[in-house]
Amino acid sequence: MVSIAVASLAACNKDHPYLQNDQSRQSPLETTEKSGAKEEAIVIKANGDINAALDQFRDLLGGQLNTAPGAVGGRREINWDAVPANLTDNNSFPGDFFGSFDPAAANGRKRGLVMTTPGSGFSISDSSFANINPEYADQFKTFSPLKTFVAVGSTITDNFFKIPGTNTDASVHGFGVVFSDVNNQSSTSMEFYDGERLLGSFKVPNNGNNAPGAFSFLGVYFPDARVTRVRIHSGSAPLSPTQNDISDGGGEDLVIMDDFIYSEPAN
């Protein structure tokens with residue numbers, strides 16, 4: 001199921017097609033009010049088959065996929081597959097890998113995203129993190145093969161934005177993530193901030209305990225607010241050699257991430 005929710009404490013913006021009360025455009029999508037939002041937002045989410053939701057969100061961000069610095073409008077995407085072998089299946093992936101401002105770096109590394117975590121780092125896997133725990137090979141799936149992403153020692157990933165190819169702070173209007181194996185409704189969420197001001201907090205849709213590895217997507221777009229940080233809470237516990245998922249006899253909802261999709265970072 002794909003749903004679009006207009007989350008707002010203000011009147012709808014009549015200039016944006018996703019905020020208009022046009023049932024022919026919305027149908028069969030769902031439009032609801034979400035009182036937890038601090039600013040007007042468009043929320044696109046899905047579980048199971050998430051492809052339609054991804055297409056909706058890409059369209060919302062402008063459609064154009066940017067692959068080099070200097071773009072205006074459009075979107076950026078990260079699917080982790082370009083990460084080299086020496087930074088795969090270990091805990092060595094740097095949070096600024098896709099935020100490079102080195103003139104000699106490839107354009108693929110200049111996507112304006114810098115990540116931090118209260119944990120010990122980040123990890124990329126081409127085996128659904130079976131290198132951490134062999135049980136994970138059957139627990140998680142990759143949406144855009146072959147590599148996926150997690151924070152190490154924490155469930156929190158903070159995402160900050162730069163003008164691609166520079167060290168200049170930036171903001172976005174929309175940010176979305178593909179998740180694998182969200183089992184319950186309270187384990188996984190995303191918080192959107194303008195500086196220290198919370199714009200809104202949103203739950204990621206879950207697939208229950210009977211669909212190991214099933215995908216979830218959450219994308220949130222703020223037409224009239226800037227987003228300088230997105231905090232992701234992915235699951236109720238970090239991956240661990242001794243921790244199985246709740247659907248595999250463990251006591252925690254373990255979650256990994258695949259594609260990141262966000263609007264072009266700008267001043």
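The values are calculated or read from the model by the stated rules, or taken from the named source; none is laboratory data. As the structure is a prediction and not an experimental result, all values here were calculated from the model. A quick note on method: Cβ atoms are made from the backbone with ideal geometry, for glycine too, and the neighbour counts reach across all protein chains shown.
Consider the stretch 131-153 and keep the residues that are under 18 Å from the mean Cα position of the chain (by Cα) and among the aliphatic types (A, V, I, L, M). The one that is surrounded by the fewest Cβ atoms within 10 Å (Cβ to Cβ) is Leu146.
Table: residues versus (1) farther than 24 Å from Ser144 by Cα; (2) of a type in the set (Phe, Trp, Tyr); (3) out of contact with any His (no Cβ under 6 Å at 6 or more places or on another chain); (4) surrounded by fewer than 19 Cβ atoms within 10 Å (Cβ to Cβ).
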site: Gly200; (1), (2), (3), (4): yes, no, yes, no
site: Ser216; (1), (2), (3), (4): no, no, yes, no
site: Gly235; (1), (2), (3), (4): no, no, yes, no
site: Ser240; (1), (2), (3), (4): no, no, yes, yes
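When Ser100 is tested against (1) more than 18 Å from the chain's Cα centre (by Cα); (2) surrounded by 22 or more Cβ atoms within 10 Å (Cβ to Cβ); (3) under 19 Å from Ser234 (Cβ atoms), exactly one condition is not met: (3). Using the structure shown, decide if Val114 is within 23 Å of Arg231 (Cβ to Cβ), among the hydrophobic types (A, V, I, L, M, F, W, C) and in contact with an Asp or Glu (Cβ under 6 Å, 6 or more places away or on another chain). When the stated conditions are applied, Val114 passes them.
Of the residues in the stretch 56-73, none is touching a residue at least 24 places away in the same chain (Cβ under 8 Å) and closer than 18 Å to Leu146 by Cβ. With the requirement that a residue be under 17 Å from the mean Cα position of the chain (by Cα) and farther than 19 Å from Ser186 by Cβ, what does the stretch 197-229 give you? If the condition is that a residue be under 17 Å from the mean Cα position of the chain (by Cα) and farther than 19 Å from Ser186 by Cβ, then Leu199, Gly213, Gly219, Tyr221, Phe222, Arg226, Val227, Thr228, Arg229 are the ones that fit. Scanning the stretch 119-148 for residues that are over 21 Å from Gly48 (Cβ atoms), assigned to a loop (DSSP other than H, G, I, E, B) and aromatic (Phe, Trp, Tyr) gives a single hit, Phe129. Restricting the stretch 104-118 to residues that are in a loop (DSSP other than H, G, I, E, B) and touching a residue at least 40 places away in the same chain (Cβ under 8 Å), which is surrounded by the fewest Cβ atoms within 10 Å (Cβ to Cβ)? Checked the stretch 104-118; the qualifying residue surrounded by the fewest Cβ atoms within 10 Å (Cβ to Cβ) is Thr117.
When Ser187, Ser128 are screened for being in contact with a helix residue (DSSP H, G or I) (Cβ under 8 Å, 6 or more places away or on another chain), surrounded by 20 or more Cβ atoms within 10 Å (Cβ to Cβ) and hydroxyl-bearing (Ser, Thr, Tyr), only Ser128 passes. The set of residues in the stretch 154-182 being surrounded by fewer than 17 Cβ atoms within 10 Å (Cβ to Cβ) and either part of a loop (DSSP other than H, G, I, E, B) or within 15 Å of the chain's Cα centre (by Cα) (or both) consists of Ile156, Thr166, Asn167, Thr168. Condition first: at pLDDT 95 or above and either under 21 Å from Phe129 (Cβ atoms) or part of a strand (DSSP E or B) (or both). Now tell me which residues in the stretch 208-223 satisfy that. Of everything in the stretch 208-223, those that are at pLDDT 95 or above and either under 21 Å from Phe129 (Cβ atoms) or part of a strand (DSSP E or B) (or both) turn out to be Ala214, Phe215, Ser216, Phe217, Leu218, Gly219, Val220, Tyr221.
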